[in-house]
Amino acid sequence: MEDTNSKKILEIHANPTLDEVWDLCVRNFLYDQKKYVNEVLEIFARLGITKESKIADVSAGGGFPALNLIALGYKVDCFDGFATDLFDQNAKKEGQDVTCKKALWEELPELVSPGEYDFVFCRGNSFIYAGGGWSETSGFDIEKVRADYIKTAKIFAGMLKAGGYMYIDKFKDSELGYREKLATIKVGSNLEDLVFFSERSPESKLRKASVQRMAGGDVTNFEVKITYDLSKEELINFLKEGGFSDVEVINSEVPEEKHFDVWLAKK
Ligand SMILES: C[S@@+](CC[C@H](N)C(=O)[O-])C[C@H]1O[C@@H](n2cnc3c(N)ncnc32)[C@H](O)[C@@H]1O
């Protein structure tokens, strides 16, 4: 495992949630935010997305990269089923008067008009949770999971204008038995390592992922997220069944995205 983060130390309170540590790592360790946002702006330029365009982030989490884009003058409506407090706190810290609407993806059709958006973000490996697993981790019925992916893809396609695009990403199919030190954190006067891990079981089609806090020999686990082990081929098929006409891989346009494969899905 490459240890590129050992010199960076992040101070954090004693009982952070998984959402909080993920957001801190995303902002401080996993991305050069400026570089990443510049790459997104290049994609916007290629697609004709401007500061007048309507953009939605349907898995806004703590606000990366939506808050960065809002700060630059882009109109981004933010939604998330679970992590809304974190977004609002980050927005406040950055002096921005915006909030994230708490909405599960299945609730979005009640909140947005058909064809309202020019561009939708569903980033941060979020779409894999359309089959369940973010807040509950048992009882996967594979047929239901597949139906839920298609239903969610339809909802996202429904939000877009004809010809609009969705940025969507996913863990790499090559990810197997993965462990990565994300950061060193300082809790009080103690230093701990934050380690991301994932496990995939091709037989049961399940993927487990979480973060561990390691202090000397003591290991504390955050909740383990269990999802369907969605392959890129399945992702592309589900998006097409949901109403996207073309799904183009754009990894080469976002070199700062080192963690996930990235696609633009065109309605
Ligand atoms: C890994 S985070 C991504 C956060 C951020 N966009 C990023 O790029 O780092 C995934 C987000 O998806 C949200 N999410 C998961 N399942 C959801 C659902 N069914 N409806 C709405 N949001 C959901 C979670 O609350 C979480 O904030």
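What follows draws every value from the coordinates through simple rules; no lab data is involved. In this text, all values refer to a predicted model and were calculated from it rather than measured experimentally. All Cβ positions, even for glycine, are placed from backbone atoms using ideal geometry, and neighbour counts span all protein chains on display.
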Of LEU182, LEU72, how do they rank once you tally other Cβ atoms within 10 Å and put the fewest first? LEU72, LEU182
With N residues in the stretch 121-221, Rg(alpha-carbon) / (2.2 N^0.38 Å) equals 1.37
Size of the dipole of the stretch 86-158 about the Cα centre, Lys and Arg at +1 and Asp and Glu at -1 on the beta carbon, nothing else charged, in debye to 20? 160
18 Å reach of a label modelled at GLN33, 7 Å along Cα-to-Cβ, counting backbone N of the stretch 237-264: 256-258
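Where nothing but the Cβ of Lys and Arg (+1) and of Asp and Glu (-1) is charged, how large is the charge dipole of the chain around its Cα centre, in debye to the nearest 20? Mind showing how you got there, number by number?
Values: 35 positive and 46 negative charges, 67 e Å.
Roughly 320 debye, rounded to the nearest 20.
Using the count of nearby Cβ atoms within 10 Å as a rough guide to exposure, how do HIS13, HIS259 rank from fewest to most?
If I rank by nearby Cβ atoms, fewest first, I get HIS13, HIS259.
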Taking LYS51, LYS266, LYS75 and counting other beta carbon atoms within 10 angstrom, the fewest-first order is LYS51, LYS75, LYS266
Which entries in the list LYS34/LYS170; LYS8/LYS101; LYS8/LYS93 go over 29 Å, if you measure between the two C-alpha atoms of each? LYS8/LYS101
I'd like to know which of GLY131, SER174, VAL76 lies farthest towards the positive end of the charge dipole of the chain, counting +1 on Cβ of Lys and Arg and -1 on Cβ of Asp and Glu. VAL76
Per the C-alpha gyration tensor (a ≥ b ≥ c, the square roots of its eigenvalues), the stretch 56-98 is rounded if a/c is under 1.5, else prolate if a/b beats b/c, else oblate; here it's oblate
What nm distance separates the two modelled labels at LYS8 and ASN190, each placed 7 Å from Cα along Cα→Cβ? 2.4
Taking the Cα atoms only, what angle lies between the long axis of helix 33-47 and the longest principal axis of the chain, rounded to 10 degrees? 10
Just list whichever of LYS92/LYS240; LYS75/LYS208; LYS92/LYS267; LYS54/LYS92 have alpha carbons separated by over 29 Å in the model shown. LYS92/LYS240; LYS75/LYS208; LYS92/LYS267
Proportion of all alpha-carbon pairs of the stretch 169-267 beyond 24 Å (%): 39
Could you work out the pair-distance distribution P(r) of the chain from its alpha-carbon pairs, with 10 angstrom bin width and percents rounded to whole numbers? 7, 29, 38, 21, 5, 0
In degrees, nearest ten, helix 142-159 long axis to first principal axis of the chain (Cα): 60
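Quickly estimate the mean residue ellipticity at 222 nm for the chain, helices only: each DSSP H run with n ≥ 4 gives -39500 (n - 2.57), and the total goes over all residues, rounded to 500. Walk me through the intermediate numbers first.
Values: 7 runs with 71 residues, N = 267.
So the calculated ellipticity at 222 nm is -8000 deg cm²/dmol.
Treat every Asp and Glu Cβ in the stretch 174-267 as -1 and every Lys and Arg Cβ as +1, leave all other atoms uncharged, and give the resulting dipole magnitude about the Cα centre to the nearest 20 debye.
In total the dipole reaches around 200 debye.
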Mind listing which GluC sites (Glu not before Pro) in the stretch 174-229 are in a DSSP loop and have 15 or fewer other Cβ atoms within 10 Å? GLU203, GLU223
Testing the spin-label approximation: label points 7 Å from Cα along Cα→Cβ at GLU223 and ARG46. State their distance in nm. 3.7
Run the quick spin-label model on ASN15 and LYS101: label points 7 Å from Cα toward the beta carbon, then report their separation in nm to one decimal. 3.3
Output ³J(HN,Hα) for the stretch 256-267: one whole-Hz value per residue in order, computed from phi by the Karplus curve 6.51 cos²θ - 1.76 cosθ + 1.60 with θ = phi - 60°, and x for Gly and Pro. 6, 7, 9, 9, 10, 7, 10, 10, 10, 9, 9, 6
I need the shape label for the stretch 70-159. Rule: rounded when a/c is under 1.5, else prolate if a/b > b/c, else oblate, with a, b, c from the alpha carbon gyration tensor. oblate
Could you state the angle between the C-alpha long axis of helix 84-93 and the longest principal axis of the C-alpha atoms of the chain, as a value from 0 to 90 degrees rounded to the nearest 10? 80
Check each of the GluC sites (Glu not before Pro) in the stretch 1-105 and keep only those in coil by DSSP with at most 16 other C-beta atoms within 10 angstrom; list them in order. GLU2, GLU52, GLU94
Please report the spacing between the Cα centers of the stretch 160-197 and the stretch 93-137 in Å, no decimals. 18
Which shape class applies to the stretch 1-141: rounded if a/c is under 1.5, otherwise prolate when a/b exceeds b/c and oblate if not, where a ≥ b ≥ c are the square roots of the Cα gyration tensor eigenvalues? oblate
